[in-house]
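This report refers to the structure that appears directly beneath it.
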Amino acid sequence: MHHRHRKNWQNHNWEKGDIPEQWKRNPAGLFIWFMFMFGVMITLLLGGVGLIIYTGARAIEETAVPPILIFSTCSLIFFIPMLIFAVGRRTFSGVATVAEVMKAADQVADGDLTARVSETRRRNRFARLAKSFNNMANELEKEDERRRNLTADIAHELRTPLHIIQGNLEGILDGVYEPTLEHILATIEETHTLARLVDDLHTIAQAEAGQLSLHLSQVEVPELFADIETSFSGQTEEKEIQLVSTAAGNLDDLTIEADAGRLDQVLSNLVVNAIRHTPRGGIISLKAYPNDEAVCIEVSDTGEGIPADDLPFIFDRFWRGDRARSHLAGEGGGLGLAIAKQLVQAHNGRISVSSQLGQGTTFTIQLPKPQPENST
């Protein structure tokens, strides 16, 4: 350690005015370095003023000195130390903030995301630096908490189908279950659940990293509605739910440039969510209409609705309003709405939700209209 520091001192080029490397790593060293440089400037300033006063005094020593010159000289001698004190106090306060930021940054680099910098009421660059660092640290701490929660949620979601698969297979091997078609199909269904979860996680990871590939083409929204009605006709008939669609405007106004497969996935996730929370005899509506800048798609239901306190979180991964629900109760993996949001944003669109308890929920998607080609 000492040899390495000695080598740094020997190899340092002082003529360039660089701060020694060990002082860069040590906030206290930076403070001492700044004091040294500031002291040099003060010494040069006082020396220059003293030289001016001495030269002026020598020039007029044989003549009568005007009172105004005496007063000015005394005022200057008194004012310069006060000015140096004020500037030095303000400067050193800023250096202390920088040193504190450096220390806190080292703590964050070592994994302590609770490190913060003291903020002052002053409105200067150093105060903004402290506030910006604290904002960054807060976001890092929140992101770390989200990452840990996501890891725990993924482990929980993977554990459920894996335990069922393991239990079924061990039961067959131990002779508890007969290797009947029913048990084999139940095991295969859990493998499908596991595969869907992995695929959903992969889709979200790609979308958040901006690596989701979209195969864009001209898509007619009414045609998407027709595919959704066909795909979910069996489920809606079984639950005695009406699935209806309407489209306002001509076909050109309801045509967008998008990935038809991804949009079908978005609408499917929203319809699945609506079917899950709509009682028998309810209605699920698909509606499309244009506005000045976008094509709007609404997916509405007459279900149980969502509490107002839950609305800000429904697009979060693995979030459920009722944590007691499970796969066995027919609840999904908690990724459908998160995927829908990511896919809509990948199309440069927006998705929002409104709901009233006991009356139903409406998801609104806004997708940009195709830009007209410039004529040449």
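As for region 202-210, it holds at least one residue that is at positive phi and either among the hydroxyl-bearing types (Ser, Thr, Tyr) or at pLDDT below 80 (or both).
If I filter region 244-255 for residues that are in contact with a Leu (Cβ under 6 Å, 6 or more places away or on another chain), of a type in the set (A, V, I, L, M, F, W, C) and open to solvent by less than 40 Å² (accessible area, probe 1.4 Å), do I get at least one hit? No, because not a single residue in region 244-255 is in contact with a Leu (Cβ under 6 Å, 6 or more places away or on another chain), of a type in the set (A, V, I, L, M, F, W, C) and open to solvent by less than 40 Å² (accessible area, probe 1.4 Å). Restricting attention to region 262-284, the residues that are open to solvent by 40 Å² or more (accessible area, probe 1.4 Å) and over 13 Å from ILE339 (Cβ atoms) total 5. Output the residues belonging to region 215-229 that are open to solvent by 20 Å² or more (accessible area, probe 1.4 Å) and within 12 Å of VAL271 (Cβ to Cβ). If the condition is that a residue be open to solvent by 20 Å² or more (accessible area, probe 1.4 Å) and within 12 Å of VAL271 (Cβ to Cβ), then ASP227, GLU229 are the ones that fit.
Screening GLU139 with (1) within 13 Å of VAL108 (Cα to Cα); (2) surrounded by 14 or more Cβ atoms within 10 Å (Cβ to Cβ) gives one miss only, at (2). Residues in region 230-243 that are surrounded by 12 or more Cβ atoms within 10 Å (Cβ to Cβ) and out of contact with any strand residue (DSSP E or B) (no Cβ under 8 Å at 6 or more places or on another chain): SER231, GLN235, LYS239.
Within region 177-199, the set of residues being touching a helix residue (DSSP H, G or I) at 6+ places or on another chain (Cβ under 7 Å) and assigned to a loop (DSSP other than H, G, I, E, B) comprises TYR177, PRO179. Every residue in region 256-284 that is within 19 Å of ARG350 (Cα to Cα) and of a type outside the set (A, V, I, L, M, F, W, C), please. Within region 256-284, GLU257, ASP259, GLY261, ARG262, ASP264, GLN265, SER268, ASN269, ASN273 qualify.
Of the residues making up region 170-204, those that are surrounded by 15 or more Cβ atoms within 10 Å (Cβ to Cβ) and within 27 Å of PHE318 (Cβ to Cβ) are THR187, GLU190, THR193, LEU194, LEU197, ASP200, LEU201, THR203, ILE204.
Filtering VAL271, VAL198, VAL219 for residues that are at pLDDT below 90 and β-branched (Val, Ile, Thr) leaves a single hit, VAL198.
The values are calculated or read from the model by the stated rules, or taken from the named source; none is laboratory data. Bear in mind that the values here come from a model prediction, so they are computed numbers and not experimental data. So basically every Cβ, Gly included, is an ideal-geometry build from the backbone, and we count neighbours across all protein chains shown. All accessible areas refer to the heavy atoms of the entire protein, side chains included, with ligands and DNA or RNA removed. Shrake-Rupley method; radii C 1.70, N 1.55, O 1.52, S 1.80 Å.
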